[in-house]
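Trainee: What follows is a structure written as structure tokens; I'll ask about it next.
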Amino acid sequence: MNICINKDTVVSLHYELTDSSGKIIEKTDEPISYLHGGYDGIFPMVEEALQEKEVGYTCTVSMEPENTFGEYDSTLVRIEPRNVFPENVAVGMRFEGGAEDSDDVLIYTVTEIADDKVVVDGNHPLAGMTLNFACTVTDIRPATEEEISHQHVHGPHGHAH
């Protein structure tokens, strides 16, 4: 009897993440594994599409920004004084910082450098994009009690402590 994907199963899959024009953003060489059942290991829409499926199942899920990394928020772009950054600051570098009026820590990416100013963006790099997640299920197994209590996969292709 084949095991189906249900809550508290470990699902392994190959995937390809593309933007709306088909440009590949990320692609697996080796399968990745996640704990199925609402543990935030994969996009909820993908998890929903895989529910009760078996090894070999293939699908493509198209997701709008609100189902992935959110809409682009221009208020998360900030201009900071150049002197608060290290001497070797470069476009693409990332720094942790607090959003104004919030205790939340965001990752800001340097997007522009001028003589005395640095522009940083706290949006996720994929914010505002429609994404397509194409995947093939390569393995399904029951999760261990430890994986369920830690809410993530252990061992090969999973998380190691």
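The values are calculated or read from the model by the stated rules, or taken from the named source; none is laboratory data. This structure is a prediction, so every number in the text was calculated from the model and none was measured. Cβ sites come from the backbone with ideal geometry, for glycine too, and all protein chains shown count toward neighbours.
Trainee: Just to be sure I understand, how many residues within the range 66-80 are out of contact with any helix residue (DSSP H, G or I) (no Cβ under 9 Å at 6 or more places or on another chain), over 14 Å from Val120 (Cα atoms) and of a type outside the set (Phe, Trp, Tyr)? Give the steps one after another, and end with the answer.
Mentor: Let us first name the residues in the range 66-80 that are out of contact with any helix residue (DSSP H, G or I) (no Cβ under 9 Å at 6 or more places or on another chain), namely 66, 69-70, 73-80.
Imposing the further condition that a residue be over 14 Å from Val120 (Cα atoms) reduces the set to 66, 69-70.
Adding the requirement that they be of a type outside the set (Phe, Trp, Tyr) leaves 66, 70.
Of the residues in the range 66-80, 2 are out of contact with any helix residue (DSSP H, G or I) (no Cβ under 9 Å at 6 or more places or on another chain), over 14 Å from Val120 (Cα atoms) and of a type outside the set (Phe, Trp, Tyr).
Trainee: Additional query: With respect to Tyr39, determine if the residue is among the aromatic types (Phe, Trp, Tyr), surrounded by 15 or more Cβ atoms within 10 Å (Cβ to Cβ), out of contact with any strand residue (DSSP E or B) (no Cβ under 8 Å at 6 or more places or on another chain) and not assigned by TED's automatic domain parsing to the domain that holds Arg94. Spell out the reasoning first.
Mentor: Details: among the aromatic types (Phe, Trp, Tyr): yes; surrounded by 15 or more Cβ atoms within 10 Å (Cβ to Cβ): yes; out of contact with any strand residue (DSSP E or B) (no Cβ under 8 Å at 6 or more places or on another chain): yes; not assigned by TED's automatic domain parsing to the domain that holds Arg94: yes.
Against the criterion (among the aromatic types (Phe, Trp, Tyr), surrounded by 15 or more Cβ atoms within 10 Å (Cβ to Cβ), out of contact with any strand residue (DSSP E or B) (no Cβ under 8 Å at 6 or more places or on another chain) and not assigned by TED's automatic domain parsing to the domain that holds Arg94), Tyr39 qualifies.
Trainee: Restricting to the range 1-55, give me the number of residues that are touching a Gly at 6+ places or on another chain (Cβ under 7 Å), hydroxyl-bearing (Ser, Thr, Tyr) and over 13 Å from Val137 (Cα atoms). If you could, list the steps in order and put the result at the bottom.
Mentor: So in the range 1-55, the residues touching a Gly at 6+ places or on another chain (Cβ under 7 Å) come out as 7-8, 33-35.
Narrowing further to those that are hydroxyl-bearing (Ser, Thr, Tyr): 33-34.
Then keep just the ones that are over 13 Å from Val137 (Cα atoms); that gives none.
Of the residues in that region, 0 qualify.
Trainee: Going by what's in this entry, would Glu71 be described as of a type in the set (D, E, K, R), surrounded by fewer than 16 Cβ atoms within 10 Å (Cβ to Cβ) and under 30 Å from Leu50 (Cβ atoms)? So that I can check it myself, show each step before the final result.
Mentor: Details: of a type in the set (D, E, K, R): yes; surrounded by fewer than 16 Cβ atoms within 10 Å (Cβ to Cβ): yes; under 30 Å from Leu50 (Cβ atoms): yes.
It is true that Glu71 is of a type in the set (D, E, K, R), surrounded by fewer than 16 Cβ atoms within 10 Å (Cβ to Cβ) and under 30 Å from Leu50 (Cβ atoms).
Trainee: Moving on to the next point. For residues that are surrounded by 13 or more Cβ atoms within 10 Å (Cβ to Cβ) and outside any strand (DSSP E or B), scanning just the range 86-98, find the one that is nearest to the chain's Cα centre (by Cα).
Mentor: So the residue we want is Met93.
Trainee: Now, a different point. Would the range 74-85 turn up any residue that is among the polar types (S, T, N, Q) and either surrounded by 15 or more Cβ atoms within 10 Å (Cβ to Cβ) or under 28 Å from Pro142 (Cα atoms) (or both)?
Mentor: Initially, the range 74-85 is screened for residues among the polar types (S, T, N, Q), giving 74-75, 83.
Retained after the next criterion (residues that are either surrounded by 15 or more Cβ atoms within 10 Å (Cβ to Cβ) or under 28 Å from Pro142 (Cα atoms) (or both)): none.
Checking the range 74-85: not a single residue is among the polar types (S, T, N, Q) and either surrounded by 15 or more Cβ atoms within 10 Å (Cβ to Cβ) or under 28 Å from Pro142 (Cα atoms) (or both).
Trainee: Between residues in the range 79-93 that are more than 13 Å from Lys117 (Cα to Cα) and residues that are outside any loop (DSSP other than H, G, I, E, B) and not polar (S, T, N, Q), which pairs lie under 6 Å by C-beta distance while being six or more apart or on different chains?
Mentor: Between residues of the range 79-93 that are more than 13 Å from Lys117 (Cα to Cα) and residues that are outside any loop (DSSP other than H, G, I, E, B) and not polar (S, T, N, Q), the close pairs are Met93/Val110.
Trainee: Are there any pairs with C-beta distances below 9 angstrom linking a residue in the range 100-114 that is over 18 Å from Arg82 (Cα atoms) and surrounded by 15 or more Cβ atoms within 10 Å (Cβ to Cβ) to a residue that is of a type in the set (Gly, Ala, Ser) and modelled with pLDDT of 80 or more, with the two at least 6 apart or on different chains, and if so which?
Mentor: Leu106/Gly97; Leu106/Gly122
Trainee: Collect the residues in the range 142-161 that are part of a loop (DSSP other than H, G, I, E, B), at pLDDT below 90 and either surrounded by 15 or more Cβ atoms within 10 Å (Cβ to Cβ) or on the phi > 0 side of the Ramachandran plot (or both), keeping them in residue-number order. Working first, answer last.
Mentor: To start, the set of residues in the range 142-161 that are part of a loop (DSSP other than H, G, I, E, B) comprises 143-144, 151-153, 155-158, 160-161.
Remaining after also requiring at pLDDT below 90: 155-158, 160-161.
Scanning the range 142-161 gives Gly155, His157, Gly158.
Trainee: Quick check on this structure: which one of Glu26, Glu48 is of a type outside the set (Gly, Ala, Ser), under 15 Å from the mean Cα position of the chain (by Cα) and either more than 23 Å from Pro65 (Cα to Cα) or assigned by TED's automatic domain parsing to the domain that holds Thr138 (or both)? Explain how you work it out, then say what you get.
Mentor: Values: Glu48 fails: under 15 Å from the mean Cα position of the chain (by Cα).
Being of a type outside the set (Gly, Ala, Ser), under 15 Å from the mean Cα position of the chain (by Cα) and either more than 23 Å from Pro65 (Cα to Cα) or assigned by TED's automatic domain parsing to the domain that holds Thr138 (or both) holds for just one of Glu26, Glu48, which is Glu26.
Trainee: Which of (1) in a helix (DSSP H, G or I); (2) under 16 Å from the mean Cα position of the chain (by Cα) does Tyr15 not meet, given it meets every other one?
Mentor: If we test Tyr15 against (1) in a helix (DSSP H, G or I); (2) under 16 Å from the mean Cα position of the chain (by Cα), just (1) comes out false.
For (1) charged (D, E, K, R); (2) in contact with an Asp or Glu (Cβ under 8 Å, 6 or more places away or on another chain), each residue gets a yes or a no:
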| residue | (1), (2) |
| --- | --- |
| Asp19 | yes, no |
| Pro31 | no, yes |
| Pro44 | no, no |
| Glu47 | yes, no |
| Gly56 | no, no |
| Phe69 | no, no |
| Ala90 | no, no |
